[in-house]
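**Student:** The structure follows.
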Amino acid sequence: TTWPNTGCFSEVAYSQSTGQKEQLSRCLQRGIRRVQDLCKVLQLPTVFEETAVSYFQRALQHPSFHLVSLEKKELLGGCCIFVTCRQHNWPLTMGTICSLLYVKQELFASVYLSLQKELGLSVPALSLGDLVKTHLNSFQLFQHAANVPAPFVEDKEKMVARTMQIVELASETWLVTGRHPIPIVTAAAFLSWQSLQPAARLTCTFARFCKLAGVDLPPPAHLRLKELLEILLRMASQLAWLRVFNMDKKTVVKHIGDLLQHRIFLLKNAFCLEDEEEQRAVAPGEGSPGSPPAAGGAAQEEGCPSERKRQHEGGPRPLLPPCLINPRKRLRTAAPSASDSAITGDEPISDSEIEQYLRGPEEIRAFRKAK
């Protein structure tokens, strides 16, 4: 390559003549290879890989990521893949990427938000239904295997449909809002799996189920399972043909199909709204002061004292988020001991207390006269 200079031609480097480098930087090369390897592990389409690589190149060229630590630069590739999957509605969770990169979710989330802000990327929310299907695809309970007993093998389509219904129920009862989705989906999958063949599966524990399915048991999953069972028990108390049975957390699993079939009606009866409570509180005073109560109502009150007690004590409660029903306990400050509260005379005197002892001219004259 030559460069014109006062009519003569002199040899110059290729990068000088074009303004481009022949070779990418080592950091960029390693990052691109890391993005490509992650895409192969996740079995993503080629279009996803190309989009993630282009996002990664844009991110490294942005001034905001020039002076970040090497650990955050390595996370950029995973963040680019995560953004690409979200944009194509591909159900990939942050926990999956973090487990592949061996990084904490808090650090990954900070880099992801910075990438989204600096590059101006639009990321849609992940569909919970797609997440349920993807998470259940990794379960090893849909085909016969040596470590899976025959009664534990389940049809995939039935389990996905039942799990979707339970997850929708959890969403309607505030159990999904502000929570990680994987523990809720895992708990819903366990309940749906048990309810499809309860006779052979009620004795199987949650931990053994996850071990047979080949998935991890998230720590909050036990709490999500407990919350789901409490909702189901509330709904079962409103179903006419289940009131004769003494329902508990194990026997209610047998009737999950019936509870989900009448979900809307049972939720409306099992939980009351605040305005309904106000209407019930105002209802006794609606009649005129002189009008006597109805005979049927008096007979009902006399004949069913247990029913009135149940309405007052165990009646329907408002449908509120779990954080409002069971708030976190606040730390209480230690009460002062007797030695700390004892008066010694060496305590500091505040300015307001000193002003109480100061007398004005009139008070001084009155004090002298009193003497």
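**Student:** Would you pick out the residues in the stretch 47-65 that are over 21 Å from residue 25 (Cβ atoms) and open to solvent by 50 Å² or more (accessible area, probe 1.4 Å)?
**Tutor:** Hit for the stretch 47-65 is 47, nothing else.
**Student:** Limited to the stretch 167-212, what total is found for residues that are over 21 Å from residue 142 (Cβ atoms), hydroxyl-bearing (Ser, Thr, Tyr) and open to solvent by less than 10 Å² (accessible area, probe 1.4 Å)?
**Tutor:** 1
**Student:** Quick one: residue 138 ticks every box in (1) crowded, with 17+ Cβ neighbours inside 10 Å; (2) modelled with pLDDT under 85 bar one, so which box is it?
**Tutor:** Unmet condition: (1).
**Student:** Tell me, which residue of the stretch 147-165 that is within 26 Å of the chain's Cα centre (by Cα) and touching a residue at least 12 places away in the same chain (Cβ under 8 Å) is most open to solvent (accessible area, probe 1.4 Å)?
**Tutor:** Residue satisfying both the conditions and the ranking: 158.
**Student:** Moving on to the next point. Residue 154 fails exactly one of the following numbered conditions: (1) in contact with a Phe, Trp or Tyr (Cβ under 8 Å, 6 or more places away or on another chain); (2) within 23 Å of residue 212 (Cα to Cα); (3) at pLDDT below 90. What is the number of that condition?
**Tutor:** Result: residue 154 passes all but (3).
**Student:** Within the bounds of the stretch 66-84, is there any residue that is over 18 Å from residue 107 (Cα atoms) and open to solvent by less than 20 Å² (accessible area, probe 1.4 Å)?
**Tutor:** Yes, the stretch 66-84 contains at least one residue that is over 18 Å from residue 107 (Cα atoms) and open to solvent by less than 20 Å² (accessible area, probe 1.4 Å).
**Student:** Could I ask something else about it? Mind checking whether some residue in the stretch 44-62 is outside any helix (DSSP H, G or I), of a type in the set (Ser, Thr, Tyr) and in the same structural domain as residue 98 (by the TED database)?
**Tutor:** No, because not a single residue in the stretch 44-62 is outside any helix (DSSP H, G or I), of a type in the set (Ser, Thr, Tyr) and in the same structural domain as residue 98 (by the TED database).
**Student:** Anything in the stretch 213-228 that is in contact with a Phe, Trp or Tyr (Cβ under 9 Å, 6 or more places away or on another chain), open to solvent by less than 40 Å² (accessible area, probe 1.4 Å) and under 18 Å from residue 249 (Cβ atoms)? List them, or say none.
**Tutor:** If the condition is that a residue be in contact with a Phe, Trp or Tyr (Cβ under 9 Å, 6 or more places away or on another chain), open to solvent by less than 40 Å² (accessible area, probe 1.4 Å) and under 18 Å from residue 249 (Cβ atoms), then 221, 225 are the ones that fit.
**Student:** Might you let me know whether the stretch 35-58 holds any residue that is basic (Lys, Arg), modelled with pLDDT under 65 and over 23 Å from residue 118 (Cα atoms)?
**Tutor:** No, the conditions are met nowhere in the stretch 35-58.
**Student:** In this structure, is residue 126 within 30 Å of residue 161 (Cβ to Cβ) and either assigned by the TED database to the domain that holds residue 218 or modelled with pLDDT under 85 (or both)?
**Tutor:** yes
The values are calculated or read from the model by the stated rules, or taken from the named source; none is laboratory data. Every value quoted in this text rests on a predicted model; they were computed, and no experiment measured them. Cβ sites come from the backbone with ideal geometry, for glycine too, and all protein chains shown count toward neighbours. Surface accessibility is based on the protein's heavy atoms, side chains included, excluding ligands, DNA and RNA. Shrake-Rupley method; radii C 1.70, N 1.55, O 1.52, S 1.80 Å.
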